[in-house]
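Data block below; observations after.
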Amino acid sequence: GYFGIRASGLGSVIRKNTLSKMGYIGIVFSDNILVEENYIEDCCLTLTDGSGIAFDNVDGAIVRKNTIVRSTGNIESCALNFAEGQKPKGNGIYFGNISLKNTLVTNNTVGMCNGSGIWVDHTMVSVGNKITNNTLFGNTLCQIGFSDYSNYNGPGATSPYIVTSYNDVVTGNILYSTSSSQLCMYHI
């Protein structure tokens with residue numbers, strides 16, 4: 001699958017790895033895993049709709065003190081009939097689109113990705129997530145981005161699958177755009 005590390009398992013730890021030149025996602029995981037002090041560079045070189053660190057189906061996961069640079073992704077794998085889907089997808093850290101609960105993303109540094117530094121896809125079953133004290137700079141689309149609609153229609157979701165409110169805590173982050181075309185925050 002072109003992954004650097006793919007993991008699941010309650011209480012697992014992914015720590016102090018150096019990952020370079022992956023075809024897809026650097027670290028992808030589920031469950032309540034701790035991911036810390038990893039260095040990830042040059043991911044999404046083959047499959048383009050990915051990120052340095054991606055997770056989904058999490059409850060109590062912690063992503064902290066990681067450095068991610070140059071997630072290359074582009075729009076090759078995006079649906080052509082969906083205008084918002086035509087934004088660059090090489091994210092640094094990606095909150096998936098199924099179930100995201102009580103996840104802490106803190107003290108990470110993400111720069112020069114061809115999408116967003118951090119992208120949060122809110123779902124009908126997203127609750128208690130915290131994004132604190134991260135440094136996000138020079139990411140092409142935005143430093144941090146949020147979507148408030150869901151394509152998840154499984155347990156806990158109700159039609160029309162739009163997320164009308166969510167209770168994320170986003171605080172203490174440094175967002176630095178290095179050009180006038182980069183946004184600090186993007187919300188769709």
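Might you tell me the accessible area per residue for the chain, computed with a 1.4 Å probe and given in Å²? On a per-residue basis, the chain sits at 45 Å². Positive contributions from Lys and Arg (+1) and negative ones from Asp and Glu (-1), summed over other residues with Cβ under 12 Å from the Cβ of Gly128, come out at 0. Near Met22, within a Cβ-to-Cβ distance under 14 Å, what is the net charge of the other residues, with Lys and Arg +1 and Asp and Glu -1? Net charge around Met22: 0. Quick check: at a probe of 1.4 Å, how many percent of the accessible area of the chain sits on carbon and sulfur atoms? C and S fraction of accessible area: 52 percent.
For the chain, the spherically averaged projection of the C-alpha convex hull amounts to 9.7 nm².
The values are calculated or read from the model by the stated rules, or taken from the named source; none is laboratory data. Values in this document were obtained by computation on a predicted structure and should not be read as measured data. Cβ coordinates were reconstructed from backbone atoms using ideal geometry, including for glycine residues, and neighbour counts include every protein chain displayed. For the accessible areas, the whole protein counts, side chains as well, though only heavy atoms, and no ligand, DNA or RNA atoms are used. Shrake-Rupley method; radii C 1.70, N 1.55, O 1.52, S 1.80 Å.
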